[in-house]
1. Around B:G195, with a cut-off of 15 angstrom between Cβ atoms, what is the net charge of the other residues, counting Lys and Arg +1 and Asp and Glu -1?
2. Just to confirm the number: angle between the C-alpha axis of helix B:159-168 and the first principal axis of chain B, 0 to 90 degrees, nearest 10?
3. Which length gain, in nm to one decimal place, applies between A:S105 and A:R214 when the Cα-Cα distance is subtracted from 0.36 nm times their residue separation?
4. How far apart, in nm, are the 7 Å Cα→Cβ label points at B:T8 and A:S133?
5. Calculate the radius of gyration of the Cα atoms of region A:82-162 to one decimal place, then report Dmax, the largest Cα-Cα distance, as a whole number, both in Å.
6. Suppose every K and R has +1 on its Cβ and every D and E has -1 on its Cβ; what is the size of the dipole of the protein assembly as shown about the Cα centre, in Debye to the nearest 20?
7. Can you tell me the relative contact order of region B:182-304? Whole percent, Cα pairs under 8 Å, sequence separation 6 or more.
8. Kindly state, to the nearest 0.05, the FRET efficiency for A:F37 paired with A:T231, given R0 = 30 Å and r defined as their beta-carbon distance.
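Taken together, the values in this text are just the output of simple stated rules run on the coordinates, not laboratory data. Nothing here was measured: the structure is a model prediction, and the numbers come from that model. With ideal geometry, Cβ positions are generated from the backbone for all residues, glycine too; neighbour counts draw on all protein chains shown.
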Amino acid sequence: MFKKFTHETIESNAGWLIVLTMFAISVGGLVEIAPLFLHDDTLEKVDGVRPYSPLEQRGRDIYIREGCYTCHSQMIRPFRDEQLRYGHYSLAAESKYDHPFQWGSKRTGPDLARVGGKYSNEWHTQHLLQPKSVVSESVMPNYPWLMGPLDASDVADRMRALRTTGVPYSLTQTEFDQNVKQFGEEHARMFHIPDAQVNLVAQAQAGNYDGDNRSVSEMDALVAYLQVLGTMVDFSKVKPEDLVKFR
Amino acid sequence: MAENTVQTTGHTWDETLQEYNNPLPNWWIYGLYVTILFAIVYWIIYPSWPVGKSHLRGISTVTYLNAEGQSETHGWNTRAKLLKEMQDANALQKPYFDKIAAMPAAQVVKDPELNSFVLSAGKALFSENCAACHQAGGQGKIGFYPNLADDDWKYGGSVGEIEATLVGGRRGYMPAFGEVLEKSQIEAIAHYVLGLSGHAVDKAKATEGNTLFHSNTGACYYCHGEDAKGRKAFGAPNLTDKIWQWANVPVATDLNGKVTAVQKVVMGGLNKGVMPAWGGENARLNPGQIKLLSIYVHELGGGK
C-alpha cells in the first residue's frame, strides 16, 4: 500500500523536503538552546537583580532606538583580559528582566555591561552630546537631540507590555505586596504601573542626570539607564567558586 | 573519450539528464572520520551534552582556591578556568603589590624595578579608568576635567591625598551668585580675579572686586582663602595662578572675553566636577591598584 520511503521520496516531494529540512536545521537549537530552559543551573542564584525603574526603562528604549547595540555589547565574557578591563563577567541572571537582551557581539565601542558608576552623569551627558570633546580618538556620532523632552506619556503601557513577558511590574495590590517582599518597598513602588509616570518624573528630578532640572529630557532617561548597568549585583558578597558551580 | 567506469546516481531527470556518482577523495572522507573522532574525544573531556536538568561535565578539571583559601577542584568550564588564571596572574603580581603597599611612595619610585612596574601597570589602569575624563596624558580638559600633569591640585597633590580622592571620589561645588550679587558686582569680581593672575584689568573695578571678594556679601574668601590661593578642604582652586579649570580664559583673546568667561562661572556657579569613587563598597579598583595608580598620577609630573 505504501511506497518504500527513500531518498527519492524526499527529493521529489516538496512537503517532505520542507519538513525534514526544518528539522535538520533546528537540531542545533533543540540540543543547545532548548535544554537551557529546563536546567536548574542556567540562572545563577544571586541577590540584587531587579527590573528597571520607569525612567531607566525609557532610557533603555532610547538605547535601542538609537541603535547603541550596533556598536556596544553588554556581555563581559569570562576571560582575564575582559575581566581586567570591564569588570566581573556578566551573569545570565543579570539580564533576566531584559526583553530583548542587549548582549551583542559587535564592539566598535567598549562593552557597556558594567558602565554604571564608572563615569559621572556630567561626563555621560557631555560624551553623548559630543563624544570627541572628551575622547578625542572616538568615532561615536553626536546625539544632540537627546536634550529634547522625553515622551513619558506611554511609559505605563510599555511596562504593561513588559509585564506580559514576565517582568514583575505590578498592577494590583497583591502583586505590589509581592514586589515589596522580593525587592523591598522603595523599589516595589518604582515597579507599580499606575504610578509609573509620577515615579519617572520624580527620579529624573532627584537624579538631575543631564544637569538641567527644568524638564525631563531623553538624556535624563538614557544616563539613568547607563548608570544602573551592571550595578545591581554586589559581587563582594558573591563567592567566585559559587558561580563556577552554575556551569 | 575513454569509457567511464563511474556509475551514475541512478536518477534521470528530463528524460536523459543523469549525474555521475563520483566517490569522495580519500583524504576528504578520512578527514571527516577524524573530525568525528575528535568530537567524541572532546565530548568526553569537556562539558557537552544536556542530560535531564543538567549536562555532562566532562572529565577535565580545574583546581583553584576558594574564598577560604583552600584548594578546590571543579569540572572544567570557562568560569573555573578564568578563576584559576586570575589567581595565577595575581600570584605573579602579588610580590610587587605587597612591596608597594608596604613602602612609602617616595621609596617605591626610587626602586627601578618597582618604578617600572608602577609605570606599566599604572598606564594600563589609567588608560582604562581615568583617561576618558583626564585624557591620555592626564592633561585634562578646560571646562570639564582637571589637569593631573601640572602641579596645581584642588584636593591636594601628595600621594596620600590623591589616594583619598581615588577611594572616595569628589564632588565639586560652587554656589551660583547670579541672584545674590548685582551684575556689576560680578563684573568687578571677575576683574579682581583676573588681576590676581597678572592680567591687565580695570583698576577701579578690581578694587571693588577685592572688597567684595573679602566681604561677607561675596564671601569668595570663605572657600578660596584670604589670599585667594584656594582651600583643599573645599576643593576650591588657587585663583592667583594662570591655570584655569572652568572658565576658559586662555582661549579668550581680549579682556572682555576673559571677563565674560569668569563672570559666567561666578553667575551660574558650578554643580559639576564629579569624580566617581573607585574604592569602598562595590569597588572597581582594589586598594593595591589604587595605591599604584596614586603613585602613577603623582609621577605624571605634578605630584607634591
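1. Net local charge, B:G195 excluded: 0.
2. 70 degrees
3. Values: separation 109, 0.36 × 109 = 39.24 nm, distance 3.79 nm.
Stretched fully, the A:S105-A:R214 segment lengthens by 35.5 nm.
4. Roughly 7.6 nm, to one decimal.
5. 15.6, 42
6. Working: 52 positive and 60 negative charges, 178 e Å.
The calculation lands at about 860 debye.
7. 17 percent
8. Numbers: r = 27 Å, r/R0 = 0.91.
That pair, A:F37 with A:T231, gives E of 0.65.
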